[in-house]
Amino acid sequence: MQQVPRQDGDAHDPRPAERYTQPKQNTLIRVGKKLRDPVNGFLAKQSLVGDAPVIDSALVPGLDEVAPQWPEFRDEIEPLMREREGIPPLGEISPDHRRIASTPAWKSFFFRGYGYEAKANQARCPKLTQAIDSIPGVVVAFLSIMEPGTHVPLHRGLTKSWLNCHLPLMLPDDGKRCEIAVNGEIYQWRYGEWLVFDETYPHEVWNESDQPRVMLLLQVQRQMRWLGRMVTRGIYHGVRNSSFVNDVKAAIGASKR
């Protein structure tokens, strides 16, 4: 991971013209947004890894042990990438994500989410699946595939209960813009390094290159004091039983672990 000076202004955004219809947000999401700030203020005080926008990967058990295996993971997904036209866009799998995934340019290949497993996808990537299993507290795991011209607009997540963890498997090498802004600071991914950040801070992503960008994207439970863990458990079960997860589960044919 490399932090670079912030760029003023936005370069040309070559997003595809196709857009998804934006659905109404479900009740859980609407209520969660109203409670987000006070609950996250409490969880920040419960955190055992601090409350910075970007967090040292060494503070998340299991990540640094997996990182050196990235070349094996890249080799494993190459057949998948040759057939990626069949990988569904995130906005198609999860209607609640359509505000930030409004075109087919952001694809997702799910392995796990909220206690449900995509067994067929796991069978295609056994090394990745084994690595995911070795990391404690993984809530969500999928390949995040951003086609050329992808732009994810500025947004923030719902909860500090878990951390977003990016391990790059394929990065464009044409010198064009491919980076993420977290809380106003620009970061660029580096092979063999995790980028770990708190998604409740505003963040935005660009791939303005002519090549796809592929991440192993995990959401991992934040280490907290016992009261924070109890609240996190409640949030987890609330999300797990929401229409948000049911939409994804149905779309990928996932089953319980």
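The values are calculated or read from the model by the stated rules, or taken from the named source; none is laboratory data. Note that the structure is a prediction, hence the values are computed from the model and not measured. Please note: Cβ atoms are built from the backbone with ideal geometry, for glycine as well, and neighbour counts cover all protein chains shown. Just so you know, the surface numbers come from the protein's heavy atoms only, side chains and all, with ligands and any DNA or RNA stripped out. Shrake-Rupley method; radii C 1.70, N 1.55, O 1.52, S 1.80 Å.
Here are some notes:
- Single unsatisfied condition, LYS160 versus (1) surrounded by fewer than 22 Cβ atoms within 10 Å (Cβ to Cβ); (2) not in a strand (DSSP E or B): (1)
- Filter result for TYR191 (part of a loop (DSSP other than H, G, I, E, B), among the aromatic types (Phe, Trp, Tyr) and within 16 Å of GLN69 (Cα to Cα)): yes
- Subset tally (residues that are closer than 26 Å to LYS34 by Cβ, basic (Lys, Arg) and modelled with pLDDT of 95 or more) for the range 153-194: 1
- Qualifying residue in the range 238-253 (condition: at pLDDT 95 or above, over 20 Å from ARG99 (Cβ atoms), open to solvent by 30 Å² or more (accessible area, probe 1.4 Å) and of a type outside the set (Val, Ile, Thr)): no
- Complete set of residues in the range 127-152 that are in contact with a helix residue (DSSP H, G or I) (Cβ under 9 Å, 6 or more places away or on another chain) and either free of Cβ contacts under 8 Å to residues at least 12 places away in the same chain or basic (Lys, Arg) (or both): LYS127
- Every residue from the range 206-230 that is open to solvent by 10 Å² or more (accessible area, probe 1.4 Å) and not in a loop (DSSP other than H, G, I, E, B): TRP206, LEU217, GLN219, GLN221, TRP226, LEU227, ARG229, MET230
- Count - residues of the range 115-144 that are open to solvent by 20 Å² or more (accessible area, probe 1.4 Å) and at positive phi: 1
- The listed residue being of a type in the set (Lys, Arg), under 24 Å from GLU65 (Cβ atoms) and in contact with a strand residue (DSSP E or B) (Cβ under 6 Å, 6 or more places away or on another chain), out of ARG112, ARG124: ARG112
- Residue match in the range 75-95 (condition: open to solvent by 40 Å² or more (accessible area, probe 1.4 Å) and among the aliphatic types (A, V, I, L, M)): no
- Residues in the range 31-46 that are aliphatic (A, V, I, L, M) and either open to solvent by less than 50 Å² (accessible area, probe 1.4 Å) or modelled with pLDDT of 85 or more (or both): VAL39, LEU43, ALA44.
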